[in-house]
1. Hey, got a sec? Which GluC sites (Glu not before Pro) in the range 1-96 land in a DSSP loop and have at most 10 other Cβ atoms within 10 Å?
2. Give the long-range amide H neighbours of Met76: residues separated by 5 or more places, or on another chain, with amide H under 5 Å away, using H modelled in the peptide plane at 1.01 Å from N.
3. Have a look at the range 1-108 and give its Rg and Dmax from the Cα atoms, expressed in angstrom.
4. How much of the accessible area of the chain, probe 1.4 Å, is carbon plus sulfur, in whole percent?
5. Loop-only trypsin sites (Lys or Arg not before Pro) in the range 30-117, please: DSSP not H, G, I, E or B, and at most 12 other Cβ atoms within 10 Å.
6. With every protein chain left in place, what is the accessible area of Phe104 in Å² (1.4 Å probe, nearest 10)?
7. Kindly sort Leu17, Leu112 by accessible area of their heavy atoms, largest first, with the probe set to 1.4 Å.
8. Using each residue's phi in the range 32-39, evaluate 6.51 cos²θ - 1.76 cosθ + 1.60 at θ = phi - 60° and report the 3J(HN,Hα) Karplus result to the nearest Hz, with x for Gly and Pro.
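The values are calculated or read from the model by the stated rules, or taken from the named source; none is laboratory data. Please read all numbers here as calculations on a predicted model, not as lab measurements. With ideal geometry, Cβ positions are generated from the backbone for all residues, glycine too; neighbour counts draw on all protein chains shown. What goes into the accessible areas is simple: the full protein's heavy atoms, side chains included, and nothing from ligands, DNA or RNA. Shrake-Rupley method; radii C 1.70, N 1.55, O 1.52, S 1.80 Å.
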Amino acid sequence: VQLQASGGGSVQPGGALSLSCATSGSSFRIADMGWYRQAPEKQRELVAAITRGGVTNYANFVKGRFTISRDNAKNMVFLQMNSLKPEDTAVYYCAANSRSGGPFNSWGQGTLVTVSS
């Protein structure tokens with residue numbers, strides 16, 4: 001399956017952005033979907049994930065600020081990011097797997113989020 005992330009951009013601290021990720025290609029049944037991010041010179045890290053049933057998991061550094069959601073009918077995943085901080089600056093990647101709890105094995109190309117005054 002191919003994933004295409006969109007919605008990145010530049011925003012001032014305290015601002016908000018909404019990311020979307022659309023899927024296409026393979027017809028395998030998508031289980032979990034998630035968002036990762038990678039800041040310059042840092043490792044890729046999980047931001048949030050959501051199961052097909054809507055169970056969510058958030059990294060501590062985004063709890064209360066970011067909200068992940070999905071549309072199972074359209075195989076899309078979204079990330080609403082509020083109260084953005086400069087340290088949220090990173091390339092954000094969407095991901096999916098075909099077995100819940102398993103490793104993410106399909107990745108989007110990434111979308112850049114820059115938080116700066």
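1. Working: sites: Glu41, Glu45, Glu87; in loops: Glu41.
When the GluC sites (Glu not before Pro) of the range 1-96 are filtered for loop state and at most 10 Cβ neighbours within 10 Å, Glu41 remain.
2. HN-HN under 5 Å from Met76: Asp71.
3. For the range 1-108, the Cα radius of gyration and maximum Cα-Cα distance read 13.2, 39 Å.
4. Details: 2830 of 6000 Å².
Within the chain, the accessible surface is 47 percent carbon and sulfur.
5. Numbers: sites: Arg37, Lys42, Arg44, Arg52, Lys63, Arg65, Arg70, Lys74, Arg99; in loops: Lys42, Arg44, Arg52, Lys63, Arg65, Lys74, Arg99.
Answer by residue number: Lys42, Lys63, Lys74, Arg99.
6. 40
7. On the way: Leu17 30, Leu112 100 Å².
From most exposed to least exposed: Leu112, Leu17.
8. Result, rounded to whole Hz: 8, 10, x, 10, 10, 9, 9, 8.
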